[in-house]
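The structure appears right after this line, and notes come after that.
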Amino acid sequence: MASNFKVLQVIPKLGYGGAETGCYDIAHFLAEKDCKSIIVTSGGPLIQYVRKKKVKIIKLPVNSKNPLTVILNTIALALIQIFYRIDIVHARSRAPAWSCYWSTFFTRRKFVTTFHGTYNFKNKFKKFYNSVMVKSKLTIAGSNFIFNHINENYSKYLKHKNKLLVIFRGINLNYYNPNKISDIKLLKLKKEWNIEDDKFKILLPGRLTNWKGQLNFIEALNILIEDYKNDKFQAIILGSDQGRNVYKKKLQSLIDRYNINKKIKFIEHCNNMPLAYSMADIVLSCSIEPEAFGRVAVEAQAMQKPIIATKLGGSMETIVNNKTGILYKFDDPRELAKHINSFMETDKLALNIMGVEGRKNVVKKFDVEKMCQSTFNEYKKILNL
């Protein structure tokens, strides 16, 4: 077999999350290596950025958990593998992973998965459903936290002949580059969001959902004002509620109760995240459940911004505590308020030094080129190339 092998990646939707961007990055990396690169997905906004001459997109309802649809997807994927002479099928989520597993069983292609999260496993059926992610020839964990989680919870499904390893997720350091930020665009964003330059700007990115910790963030801001008498800040909660209207109303109700409406802005979406990070003085990740990787923390560090994050999951691997950011006890708004106040009282030079160290950390460990090259090398190993 020639080294220009063929890889089919399968993902429910091509959105802007970590799994999706990882799929996108690998697909284009393979194309640059003269490998055939195909993505099967149900759709998503990231499709518009896929270079169609290099990466083929095939649309199937692989986001569905309907048993009949899963069976039909299995047949369709098998036919795609045969028609395009696919060598490797790489599944990036559980629902399509079952279709990938059975289709590769019949076509005898190599099956690879990336275990992107901890997934819900509150009962035996759920755990069995998740177990498809370790039935592959190669299972990639995006962090040591996920690697340990798999070993602790799915050991009975792991086969000795199959391989489990860590390949840290990577980000595009050319895109997340503070030296490429336009001052004009930055001023325009501040004007658009009505951000006052003389205020300390605190950014909390992430979709609006309980486990992302926005409630604790609001509690911490109230403590900052009440206990520390510090109100010289502007907080930005950046993320969509994705239809979770009840949760957003809950957040707004808490803001109204504390009468801090003028201190917090909700921004639903930003097309230029490097610009959003550049606008901030510090960035927060307040998740009250473990992040599998913690993309916000890595992106913020790449943009030379100090990060405050909960001491959980992947964030404990991506942040060097007290050097590139601060880790605090999750679900403790008082400790969070203390750290925010400390940063606000720190001089700009010290914040800049922490930011520089943050970028060094990301360049060393979390460059997208490293992730893609490591994945490419593992593909070659399982094909004996």
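Annotations for the structure displayed:
- Boolean, I39 is in the same structural domain as Y101 (by TED's automatic domain parsing), surrounded by fewer than 22 Cβ atoms within 10 Å (Cβ to Cβ) and either hydrophobic (A, V, I, L, M, F, W, C) or closer than 22 Å to S240 by Cα (or both): no
- Residue among A309, A302, A297 that alone is assigned by TED's automatic domain parsing to the domain that holds K185, in contact with a strand residue (DSSP E or B) (Cβ under 8 Å, 6 or more places away or on another chain) and in contact (Cβ under 8 Å) with a residue 40 or more places away in the chain: A302
- Within region 150-181, the set of residues being in contact (Cβ under 8 Å) with a residue 40 or more places away in the chain and more than 15 Å from Q301 (Cβ to Cβ) comprises K163, L165, I167, K180, I181.
- Residue check, D231 without any contact (Cβ under 8 Å) to a residue 12 or more places away in the chain and either assigned to a loop (DSSP other than H, G, I, E, B) or of a type outside the set (S, T, N, Q) (or both): no
- The condition of being more than 18 Å from the chain's Cα centre (by Cα), aliphatic (A, V, I, L, M) and closer than 30 Å to R94 by Cβ holds for only one of L165, L208, L186, L204, that being L165.
- Any hit, region 12-33, residues being free of Cβ contacts under 8 Å to residues at least 24 places away in the same chain, surrounded by fewer than 16 Cβ atoms within 10 Å (Cβ to Cβ) and closer than 20 Å to G170 by Cα: yes
- One residue stands out in region 280-290 among those that are of a type outside the set (V, I, T) and touching a strand residue (DSSP E or B) at 6+ places or on another chain (Cβ under 7 Å): the one that is surrounded by the fewest Cβ atoms within 10 Å (Cβ to Cβ), namely D281.
- When the criteria are applied in full, F217 meets the requirement of being among the hydrophobic types (A, V, I, L, M, F, W, C), in contact (Cβ under 8 Å) with a residue 40 or more places away in the chain and in the same structural domain as N271 (by TED's automatic domain parsing).
The values are calculated or read from the model by the stated rules, or taken from the named source; none is laboratory data. Computed from a prediction, not measured in an experiment: that's the story for all the values here. Cβ atoms come from the backbone with ideal geometry, glycine included; neighbour counts cover every protein chain shown.
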